[in-house]
Amino acid sequence: MSNNVRPETMERITTPELANAFIEEKIAELREQIGNKKVLLALSGGVDSSVVAALLIKAVGKQLVCVHVNHGLLRKGEPEQVVEVFRGQMDANLIYVDAVDRFLNKLEGVAEPEKKRKIIGAEFIRVFEEEARKLEGIDFLAQGTIYPDILESGPVKAHHNVGGLPDDFKFELVEPLKLLFKDEVRAVGDALGLPKNMVYRQPFPGPGLGVRCIGAITRDRLEAVRESDAILREEFAKNGLEGKVWQYFTIVPDFKSTGVIDGKRSYDWPVIIRAVNTRDAMTATVEDVPFALLQHITQRITSEVKGVNRVLYDLTPKPTGTIEWE
Ligand code: XMP
């Protein structure tokens, strides 16, 4: 356990020089640990797994096998970016698994939030296990565990392990970031040359858009979540709010309301916008988004997103509202 405790003497990685020193040291350690064997990594495209991947590519190149599972609940453009950055730019050994139908079929008709989370988590392990079984001669499993996961502080659920793999997998763990705080992981990612939008990305829950498509997920409502989220992110980036607001996203509830489009009555879904600031996700305040920007985003969402006729802004701090809606 002692190597899971950050030594008091460990300097905080706050500069590119310190990040480069960390990278050099880790590369030597990883080469020593891994030798000429193979390492497997579940690469979600989030900050932590992306930094682990980039570090391991530098250390052991094609001995790293990355598996990216597209479960259909990722944000617009994310699976494509993972393939482009890791296969295209870094020449990684990357297996892309299109598991969209499989996840959405399993989730069909399931409305209870914790049940949805369990299904998504369990199915993820199953898909990963199947891919792992197809591979031969893998001795190591890399994970993007970071120090807050070990401390288990706050309500942000640890999501960095593929714990739950059957016992016959006798992988040795490789966790190069396990003593780093998030800002240090970002500094290392920057120094490794990962794209800024990957390194400074806002927190994204493991179950992804699945908990933002309220109740039983349907493909059309899920697309409305994905498209409205993309518009919100684009407008926040254009207007200087990206990197300033801690977390922002859209939600599509499972009820409709009346509206009017081109003189005809409509009966469609609302989109709810959430934009919050927090230190530790235990409490949160609502971002004071300029009203004109909210109006512009509303106009774009109602005209560009299919099946949506209304946009609401959630003014509720935490408490009493949680950050997510389920
Ligand atoms: P709440 O909604 O509890 O969210 O105020 C606090 C933070 O945790 C994230 N969150 C999750 N992260 N798996 C995750 O990896 C989950 O099931 C999950 N649920 C909530 C949420 O996005 C916010 O940052």
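Some observations on this one:
- One residue from 322, 316 being more than 26 Å from residue 109 (Cβ to Cβ) and polar (S, T, N, Q): 316
- Test: residue in region 246-264 that is charged (D, E, K, R) and within 21 Å of the chain's Cα centre (by Cα): no
- Candidates 288, 254, 268, 314 - the one that is away from the ligand (no atom under 11 Å from the Cβ), open to solvent by 80 Å² or more (accessible area, probe 1.4 Å) and in contact (Cβ under 8 Å) with a residue 40 or more places away in the chain: 254
- Region 204-241: number of residues that are within 16 Å of the ligand (Cβ to nearest atom), open to solvent by 10 Å² or more (accessible area, probe 1.4 Å) and farther than 17 Å from residue 107 by Cβ: 2
- Residue in region 296-305 that is open to solvent by less than 80 Å² (accessible area, probe 1.4 Å), away from the ligand (no atom under 16 Å from the Cβ) and of a type in the set (Lys, Arg) present: yes
- Residue ranges of helices (runs of 4 or more DSSP H) in region 86-184 with at least 3 members more than 16 Å from the ligand (Cβ to nearest atom), open to solvent by 60 Å² or more (accessible area, probe 1.4 Å) and free of Cβ contacts under 8 Å to residues at least 12 places away in the same chain: 113-134
- Of the criteria (1) within 27 Å of residue 112 (Cβ to Cβ); (2) within 16 Å of the ligand (Cβ to nearest atom); (3) of a type outside the set (D, E, K, R), which one residue 308 fails: (2)
- Residue check for residue 69: touching a helix residue (DSSP H, G or I) at 6+ places or on another chain (Cβ under 7 Å) and at pLDDT 95 or above: yes
- For residue 201, the conditions (1) touching a Phe, Trp or Tyr at 6+ places or on another chain (Cβ under 9 Å); (2) within 15 Å of the ligand (Cβ to nearest atom); (3) among the basic types (Lys, Arg) are fulfilled apart from (1).
- Taking the criterion of being open to solvent by 90 Å² or more (accessible area, probe 1.4 Å) and modelled with pLDDT under 95, no residue of region 242-251 qualifies.
The values are calculated or read from the model by the stated rules, or taken from the named source; none is laboratory data. None of the values given here were measured: they were computed from a predicted structure. Positions of Cβ are generated from backbone atoms using ideal geometry, with glycine treated the same way; all protein chains shown enter the neighbour counts. With ligands, DNA and RNA removed, areas are computed over all heavy atoms of the protein, side chains included. Shrake-Rupley method; radii C 1.70, N 1.55, O 1.52, S 1.80 Å.
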